[in-house]
1. Check Pro51, Pro76 and return the single one that is touching a residue at least 40 places away in the same chain (Cβ under 8 Å) and either among the small types (Gly, Ala, Ser) or in contact with a strand residue (DSSP E or B) (Cβ under 7 Å, 6 or more places away or on another chain) (or both).
2. Can Arg41 be described as modelled with pLDDT under 90, surrounded by 10 or more Cβ atoms within 10 Å (Cβ to Cβ) and not β-branched (Val, Ile, Thr)?
3. For Ile25, all conditions in the list (1) among the aliphatic types (A, V, I, L, M); (2) modelled with pLDDT of 90 or more; (3) exposed (fewer than 12 other Cβ atoms within 10 Å of the Cβ); (4) within 15 Å of the chain's Cα centre (by Cα) hold save one; what is the number of the exception?
4. When you check Trp58 against the structure, is it within 25 Å of Pro6 (Cα to Cα), modelled with pLDDT under 90 and either surrounded by 10 or more Cβ atoms within 10 Å (Cβ to Cβ) or of a type in the set (A, V, I, L, M, F, W, C) (or both), yes or no?
5. Give me the pairs, please: first residue somewhere in the stretch 7-25 and among the aromatic types (Phe, Trp, Tyr), second residue anywhere and exposed (fewer than 10 other Cβ atoms within 10 Å of the Cβ) and not in a strand (DSSP E or B), beta-carbon distance under 8 Å, and either six or more positions apart or on two chains.
6. For the stretch 28-37, what are the residues that are out of contact with any Gly (no Cβ under 7 Å at 6 or more places or on another chain) and either free of Cβ contacts under 8 Å to residues at least 12 places away in the same chain or surrounded by 12 or more Cβ atoms within 10 Å (Cβ to Cβ) (or both)?
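The values are calculated or read from the model by the stated rules, or taken from the named source; none is laboratory data. Here the structure is a predicted model, which means the values were calculated and not measured. Because the Cβ atoms are built from the backbone with ideal geometry, glycine has one as well, and the counts that use them run over all protein chains shown.
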Amino acid sequence: HATDAPVLMFGGLWERWSPKGGEPIETYSIVTMDAVGELARLHDRMPLMLPPELHRDWIEGDGEQATAIAQAAPLPSLSWHAVGKAVGNVRNQGPQLIEPIAETGIAHDP
């Protein structure tokens with residue numbers, strides 16, 4: 001979670017399209033990028049996280065602006081903790097899924 005903002009905004013794309021002879025469908029995706037900073041020790045990819053001052057530019061901009069924003073967006077101040085494997089199963093629900101557990105198997109810098 002962000003340490004300096006109540007929510008994180010991820011850069012995303014959406015489109016409404018109609019398959020031949022079908023009803024319109026809305027699709028979306030979250031934009032990802034190579035992981036940087038401390039997140040790189042957890043995974044090789046991360047979502048594009050946008051600070052509040054770039055929200056409107058992302059939503060109202062064109063493809064060229066989106067590329068520029070993605071390349072320049074600063075990494076927000078983040079805090080995280082290890083959670084159990086149950087969080088990875090969509091069938092599991094509840095706040096207990098994000099309660100901290102002892103870290104195991106995560107490489108730390110010496």
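1. Pro76
2. So Arg41 fits the description; yes.
3. Failing condition for Ile25: (4).
4. No.
5. Trp17/Pro24
6. Within the stretch 28-37, Thr32, Met33, Ala35 meet the criteria.
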